[in-house]
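The values are calculated or read from the model by the stated rules, or taken from the named source; none is laboratory data. Since the structure is predicted, the reported quantities are computational estimates derived from the model, not experimental observations. Counting neighbours? That spans all protein chains shown, and the Cβs are built from the backbone with ideal geometry, glycine included.
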Amino acid sequence: MSNRVWHMMKNWGWILVTAPCAVVAAPRLRKRYGVILVAAVIALAIINCVPWFFPAYVSPLIPVAILVCAVVMQHGLRTLASSKRELPSESSRRQRMVMLGLIAMQALGLVMATRSMVVHAAQDPNSPSQWFMKRASAEADLLERAGNHLVIVRYAPGHDFHHEWVFNGADPASARIVWARWDESLLPQLLIDYPNRNTWTLEVSLDDSYRIIAYQSKDPSE
């Protein structure tokens, strides 16, 4: 759960936090948009039930958050405009400071959300630095070697669970490469289930660089 929250807040945190805070702080907006906020909270709870979580899963909520930000900013500007026509008082000055703070929060939320979307859009999906390109490189390396292969993937502690290297087709037994996760208790049965294969340990580091080692001898294989 901590990883999910971190990924969500890193990508959409500002706008997902500032919009609800602003609505809660403004009584009129709280009454008008409270149902939307409740629906958004329920949606986030449902999204967290998905086994494999990606920040993009939250993206359908972003237009709602942007709409709420725009409404809050409009409300704040109207309130500031009307307060200027009133006689200055301690309460009016306090209200203006609150509105200015809310408007600044929404503007910052919109800027941060836009920045996150631009950064994601600018990423090259075919860049060699992407983890799945590194996996494809490892697979191509193995396919160049003679015979069929059993690849036991061993992740470094703290590896990002979104970067899953283990994937098999519908019929692993007939595939040239069978991928499996490292598990000491299951290794003996795994070797029995997939005999007559070249068995490798593929060690994946935190930055998704890898090395392929012959499982039997533990000697690096180029």
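Observations on the model:
- Any chance Asn148 is of a type outside the set (Phe, Trp, Tyr) and at pLDDT below 75: no
- With respect to the conditions (1) modelled with pLDDT of 90 or more; (2) touching a Lys or Arg at 6+ places or on another chain (Cβ under 9 Å), Ala136 falls short on a single one, namely (2).
- Residue pairs whose Cβ atoms lie under 9 Å apart, separated by 6 or more positions or on different chains, with the first residue in the range 175-186 and touching a residue at least 24 places away in the same chain (Cβ under 8 Å) and assigned by TED's automatic domain parsing to the domain that holds Asn148 and the second in a strand (DSSP E or B) and among the hydroxyl-bearing types (Ser, Thr, Tyr), are Arg181/Tyr155; Trp182/Tyr155; Trp182/Thr201.
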